[in-house]
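Notes for the one structure printed next.
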Amino acid sequence: MQNTLTNYSDFYRQSVEQPDAFWAEQAQLIDWHQPFSRVCNDDNPPFVRWFEGGKTNLCHNAVDRHLAARAEQAALICVSSETGQEKIYSFKALHQEVQRMAASLQALGVQQGDRVLIYMPMMAEAAFAMLACARLGAIHCVVFGGFASGSLASRIEDATPKVIVSADGGSRGGKALAYKPLLDEAIRLSSHKPQALLLADRGLAPMALVAGRDHLWSDLREQHLDAQVACAWLDAAAVSYTIYTSGTTGKPKGVQRDTGGYAVALAASLKHIFDGRAGETFFSTSDIGWVVGHSYIVYGPLIAGMSSIMYEGLPTQGMDGKPNGGIWWQLVEKYRVTVMFSAPTAVRVLKKQDPALLTKYDLSSLRALFLAGEPLDEPTARWISEGLKVPIIDNYWQTESGWPILTIANGVEKKPSKFGSPGVPMYGYKVKLMHETSGEELTQPGEKGVLVIESPTPPGFMQTVWQDDARFINTYWKSIAGKTVYNTFDWGIRDADGYYFILGRTDDVINVAGHRLGTREIEESISGHAQVAEVAVVGVADALKGQVAMAFVVLKDASLMADEAASLKLEGEIMKRVDGDLGALARPARVRFVSALPKTRSGKLLRRAIQAVCEDRDTGDLTSMEDPAVLQQIRERM
């Protein structure tokens, strides 16, 4: 199919008009132990079963099948600027380590269908544990390392793991964080108690072991050095993992993923979207605690036969622990990275570094930089595009989708990106814009609506919410009146060329005197000012208007913050800019200048935490926040 179609429009059309033929061909990109008898079973929408009757295994496709042709090729390149360590695992070595981990989990009672919770930093053993679970047919649930005990406890209760794999601690900016006390407290708080803990000791933090329950990875690994553990051949619909969506309130919402559809989706995306090729190097700067880390650090690149860099540390921290804004570019040069995947926020951090760092290293191997996680503003996209001189490809997706919904499929047809737009719908996704209340489909360019996806959703998409089908239906499929469509809960518009622009979450809306305004639109206007490096806009309660917009801005020239006259002048310029772009109603009540914005360690802005500070409310759990101290400056600016 991909050999006969010459343009993306035809490629996409076949994916939505002849999905069985399309996905049957994509399924040839992976190994099947038993062929499937039916490509797509959507007899019970919105539930979809892909590749029914087929049997396969994620670990086999990521590791074992490459042993014949590329056993000595680097598979996992583990780099930590926190510990100064760098280690390369070939496919052969990775195969051995995964079998040792699988045998160790078996020794602790783990069997097919059991849950294993992984609470670890970005270290090789975390990838071993994920792949070992896939090998055994156990369901892994990765929780971001360092999450607070209360948040971790709720996930333990929901996933009911037989075993938890963890470590003594992680490190961020050279500061060690002990995991074991957090984990012990979470287990105490949880009504579910795991049968065993498997713990990697990095020597970062003291670790008290509970006799009979806690086991050191080093001890069990030694007992299973020569382990040979066969892959369990699983039904394509078998659950591979669950992952909890960020920002969950109340009962955790576990996104449940299948095995066969996910493997095919990742293999296809590496080929058609990322244009990744076996033998090359893929570098995703994400974390395994997030879906990007699952799809494009551990599984996707390995399934494609690529080397995958697993990086622990800040984007501005060298291997010696000293500041170094070029560490990522050093890695691109050293390992001849061809495809890089990061977040807009990370690029904004790098934007504050010496621009000479972008030309200091040999980046000639790099074909494209992909960015996702939050909308990419045009000034940031333009800056990094001019600096790297490679395509900057925004892509939009969610934990629920597992792989990009909107982007550019350069592996099919080279098409230009548009600054500010993630691109066009990817093959298999029937994307539409709908009016939020009437459910009317919006077809004219520039009309603003809610981005939705029609059933059946493509392979790799979430199956359901873990142990809660009703929540899956009610949350995602019944929120648009009279329509059974998947709601992304994001505003969007589409231009005349079919490119989509994401305007922000439907719940990131400010209601000013009865007028609903998207925070993303205001941020986009402000970010266009020449002095603005970063911006976050939140709605703050106001007795007269209901809410008013408050803008918090990081300036490119930090010295201007100390100059009161310059600050007032800048505030006036920014307000005038918003007034001109969006009208007086969208103009922020105040613009406050700060040295940094609060973000998660994956780079997402914590707008709700800013809003809570502005309204003098409890900010809630900030464990995933990179630097909680930045909220204090916002308090002082109010």
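Brief remarks follow.
- Residues of region 280-292 that are farther than 21 Å from VAL412 by Cβ and not in a strand (DSSP E or B): THR285, SER286, ASP287, ILE288, GLY289, TRP290, VAL291, VAL292.
- Only listed residue being of a type outside the set (Lys, Arg), in contact (Cβ under 8 Å) with a residue 40 or more places away in the chain and out of contact with any helix residue (DSSP H, G or I) (no Cβ under 9 Å at 6 or more places or on another chain), chosen from ASP320, ASP287: ASP320
- Of all the numbered requirements in (1) of a type outside the set (D, E, K, R); (2) buried (at least 24 other Cβ atoms within 10 Å of the Cβ); (3) more than 15 Å from LEU131 (Cα to Cα), TYR296 misses one, and that requirement is (3).
- Count - residues of region 334-364 that are buried (at least 17 other Cβ atoms within 10 Å of the Cβ) and either over 30 Å from GLY305 (Cβ atoms) or of a type outside the set (A, V, I, L, M, F, W, C) (or both): 9
- Between PHE147, PHE128, the distinction of being within 27 Å of VAL239 (Cα to Cα), modelled with pLDDT of 95 or more and among the aromatic types (Phe, Trp, Tyr) belongs to PHE128 only.
Conditions tested, residue by residue: (1) surrounded by 24 or more Cβ atoms within 10 Å (Cβ to Cβ); (2) more than 24 Å from the chain's Cα centre (by Cα).
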| site | (1), (2) |
| --- | --- |
| LEU58 | yes, no |
| ASN61 | yes, no |
| ARG70 | no, yes |
| SER81 | yes, no |
| GLN96 | no, yes |
| SER104 | yes, yes |
| GLN112 | no, yes |
| ALA124 | no, no |
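- Annotation note: Cβ proximity below 8 Å between a residue of region 24-48 that is under 27 Å from ALA230 (Cα atoms) and a residue that is crowded, with 16+ Cβ neighbours inside 10 Å and charged (D, E, K, R) (sequence gap 6+ or interchain) occurs for LEU29/LYS271; ASP31/ARG65; TRP32/LYS55; HIS33/LYS55; GLN34/LYS55.
- Selection of region 136-162 for residues being touching a helix residue (DSSP H, G or I) at 6+ places or on another chain (Cβ under 6 Å), closer than 19 Å to GLU125 by Cβ and free of Cβ contacts under 8 Å to residues at least 60 places away in the same chain yields only LEU152.
- Test set (1) over 30 Å from GLY528 (Cβ atoms); (2) within 23 Å of the chain's Cα centre (by Cα) - PHE489 fails condition number: (1)
The values are calculated or read from the model by the stated rules, or taken from the named source; none is laboratory data. None of the values given here were measured: they were computed from a predicted structure. When we count neighbours, we look across all protein chains shown, and the Cβ atoms used for this are built from the backbone with ideal geometry, even at glycine.
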